[in-house]
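S.K.: Below: one structure in structure tokens.
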Amino acid sequence: MSDAPSRRQNLITLLLLSPGLAGFFGLFFYPMLVTLERSLHPEGQTQGWTLENYAVLFRDSDFSRVILLTFFLAISSTLLSIALSVPLALLLRRKPAGHRLLRMTVLVPITVPGLIGAFGLLLFWGSRGWFNLSMMPLLGRTEPIQVNYTLVGLVIFYVWHYFSYTATTTLSTLEGLDPAIEEAATVAGATPSQVLRHVVIPLIMPGILSGSVLSFMAAFGAFSIPLVTGGSLRPLAVSIYKQIEVFTPARWSAASAMAAVMATLQVIFLAIYMRVLRRPTA
């Protein structure tokens with residue numbers, strides 16, 4: 001008799017979880033299975049199984065460079081997002097004049113559609129954009145500073161578009177921190193820099209971690225920004241698109257293999273990244 005309430009509770013839990021499980025299966029798991037299945041077919045065929053698509057990718061030196069570029073853009077933009085978000089959060093926590101406008105400005109990149117943001121960045125950083133029109137007279141240059149379609153420019157664009165995730169979660173965690181904790185450390189004789197390093201940063205690390213994970217995931221799978229502003233620099237998402245839209249006939253099996261590799265690398269690196277950041281410091 002004692003098992004009846006337990007079974008009833010398990011059934012209710014399963015019914016409550018079923019919409020979410022169905023959504024997960026339909027929107028993520030099933031498409032990934034279809035992609036994986038397609039990647040194992042010979043190009044242009046729907047029958048037979050082969051690993052040749054993966055073998056071709058890993059023999060291709062260009063594909064290795066694409067992977068390195070994708071990781072470089074994701075990691076560099078994530079680290080720069082952290083470097084910008086922590087000081088910005090410390091500043092906004094003090095509520096200086098105009099802090100509401102600054103908070104809204106931080107959220108602008110994630111509210112602007114990717115394609116519109118990419119075109120706006122091209123105009124701003126272009127040879128006749130505001131950046132060059134302002135900097136060329138100051139630096140005494142006659143030639144514009146080349147930012148668009150460069151690696152440095154692409155990193156700048158990634159940071160602009162994705163750092164909002166890290167900034168938002170870092171600020172939320174920091175504002176939820178009890179000031180009494182810092183006051184206690186100060187009373188105990190800690191200097192402001194020691195309070196920041198040994199008290200504040202460790203306590204807001206969960207917010208930094210969650211935001212940086214979101215920034216990394218978004219940057220790793222970036223499509224609109226590199227498609228419009230990358231020029232010859234093509235990370236994985238753009239390279240997959242190229243297999244389908246550029247080549248005739250479309251290379252669906254090759255694109256599926258690249259997508260499967262991309263998803264696997266993303267999950268592996270994300271697991272390592274979270275493990276390293278969660279490691280307690282001495």
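Values in this text are rule-based calculations from the coordinates and carry no lab data. Since this is a predicted model, take the numbers as computed values, not measurements. Backbone-built Cβ (ideal geometry, glycine too); neighbour counts: all protein chains shown.
S.K.: Using the beta-carbon distance between Ile268 and Ile145 and R0 = 51 Å, what value does 1/(1 + (r/R0)^6) give for FRET efficiency, to the nearest 0.05? Present the calculation step by step, with values, prior to reporting the outcome.
M.R.: Working: r = 38 Å, r/R0 = 0.74.
About 0.85, to the nearest 0.05.
S.K.: Next up: Classify segment 152-271 as rounded, prolate or oblate, taking a ≥ b ≥ c as the square roots of the eigenvalues of its Cα gyration tensor: rounded when a/c is under 1.5, otherwise prolate if a/b is larger than b/c and oblate if not. Mind showing how you got there, number by number?
M.R.: On the way: a/c = 4.42, a/b = 2.96, b/c = 1.49.
Judged from the Cα gyration tensor, segment 152-271 comes out prolate (a/c at least 1.5, a/b above b/c).
S.K.: A further question follows. How much length would be gained if the chain were fully extended between His198 and Arg275, taking 0.36 nm per residue of separation minus their Cα-Cα distance, in nm to one decimal?
M.R.: In short, 25.7 nm is gained.
S.K.: Hey, with R₀ at 22 Å, roughly what FRET efficiency would Thr105 and Leu79 work out to, going by the Cβ-Cβ distance, to 0.05?
M.R.: 0.50
S.K.: Using a cut-off of under 15 Å, list every residue of segment 196-215 whose amide N is near the label point 7 Å from the Cα of Asp178 along the Cα-to-beta-carbon line.
M.R.: 200, 203-204
S.K.: In whole Å, how far is the Cα centre of segment 77-146 from that of segment 17-35?
M.R.: For segment 77-146 versus segment 17-35, the Cα centre distance is 37 Å.
S.K.: Note down the magnitude of the dipole of the chain about its Cα centre, charges +1 on Lys and Arg C-beta and -1 on Asp and Glu C-beta and zero elsewhere, to the nearest 20 debye.
M.R.: Details: 19 positive and 12 negative charges, 80 e Å.
Its charge dipole is roughly 380 debye.
S.K.: So, R0 is 25 Å and r is the distance between the beta-carbons of Val34 and Arg65; what FRET efficiency does that work out to, to 0.05? Spell out each step's value before the answer.
M.R.: Working: r = 28 Å, r/R0 = 1.12.
Here the calculated transfer efficiency is 0.35.
S.K.: Mind giving me the nanometre distance, one decimal, between the label points for Ala97 and Leu16, set 7 Å out from Cα along Cα→Cβ?
M.R.: It works out to 5.1 nm between the two label points.
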